Amino acid sequence: MMQLSSTMLSPDEDDWIALFNGSDLTGWTPKIRGNELGEDPGGTFRVESGLLTVGYESYETFGERFGHLFYADPFSHYQLLVEYRFIGEQVTDGPDWAFKNSGVMFHAQNPNSMLLEQDFPISLELQLLGGNGTDARRF
C-alpha cells in the first residue's frame, strides 16, 4: 500500500499546481490490468484522511492487477514534487520485485490506448522503493 501527494510547477515557476485536491480523485482515471479504463472494482485507488492511498487489501490475491492512475491534463516544462510512504503489507501472491515498489510514470501513452491485459503503460518511470525495516534499502 502506498500514500502519495503531489504538486506541479507551472512554466513561470511562481505558482504550484496541485494535481491532487486532498478530497477525491477528481482529474484522475484508474487503469487496472484486466479492467476497462476508469474501472476500479477493488477500490485500489482512494482518498483516506486527505491522502491518495493505493492498496490491494480488498483482493484475495494480487492476480497481476497492476494499477495506474492517469491525470487528465498533459504537462510539459514541469517540475514534480512528490511525497510518498509505504504502509501496510505486501499483497498475497504479489511478485517479489514489487515489494514496496511503486513509481511515477512520465510521458506515458494515452490510457485510452492501453490494452485490457496490458501490465504497464509505455512510459518513463521514476521508481519509488521502500525498505523492509531491517535490511539496507534498495536503490
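The values are calculated or read from the model by the stated rules, or taken from the named source; none is laboratory data. Note that the structure is a prediction, hence the values are computed from the model and not measured. Glycine also receives a Cβ, built like all others from the backbone with ideal geometry; neighbour counts cover every protein chain displayed.
Descriptive notes on the structure:
- The set of residues in the range 56-78 being under 16 Å from the mean Cα position of the chain (by Cα), surrounded by 12 or more Cβ atoms within 10 Å (Cβ to Cβ) and assigned to a loop (DSSP other than H, G, I, E, B) consists of 56, 57, 62, 64, 65, 66.
Yes or no, residue by residue, for (1) closer than 20 Å to residue 90 by Cβ; (2) in contact with a Cys (Cβ under 7 Å, 6 or more places away or on another chain); (3) at pLDDT 95 or above; (4) of a type in the set (Asp, Glu):
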| position | (1), (2), (3), (4) |
| --- | --- |
| 5 | no, no, no, no |
| 10 | no, no, no, no |
| 13 | no, no, no, yes |
| 45 | yes, no, yes, no |
| 66 | yes, no, no, no |
| 70 | no, no, yes, no |
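- Qualifying position, being under 18 Å from residue 33 (Cα atoms), surrounded by 12 or more Cβ atoms within 10 Å (Cβ to Cβ) and more than 16 Å from the chain's Cα centre (by Cα), among 111, 121, 95: 95
- Flag if residue 96 is charged (D, E, K, R) and either under 18 Å from residue 27 (Cβ atoms) or modelled with pLDDT under 85 (or both): yes
- Taking every residue in the range 29-42 that is at negative phi and pairing it with any residue that is of a type in the set (Phe, Trp, Tyr) and assigned to a loop (DSSP other than H, G, I, E, B), at least 6 positions away or on another chain, the pairs with Cβ-Cβ distances below 6 Å are 33/66; 42/59.
- Scan of the range 43-83 for residues that are without any contact (Cβ under 8 Å) to a residue 40 or more places away in the chain, more than 21 Å from residue 96 (Cβ to Cβ) and hydrophobic (A, V, I, L, M, F, W, C), ordered by number: 45, 47
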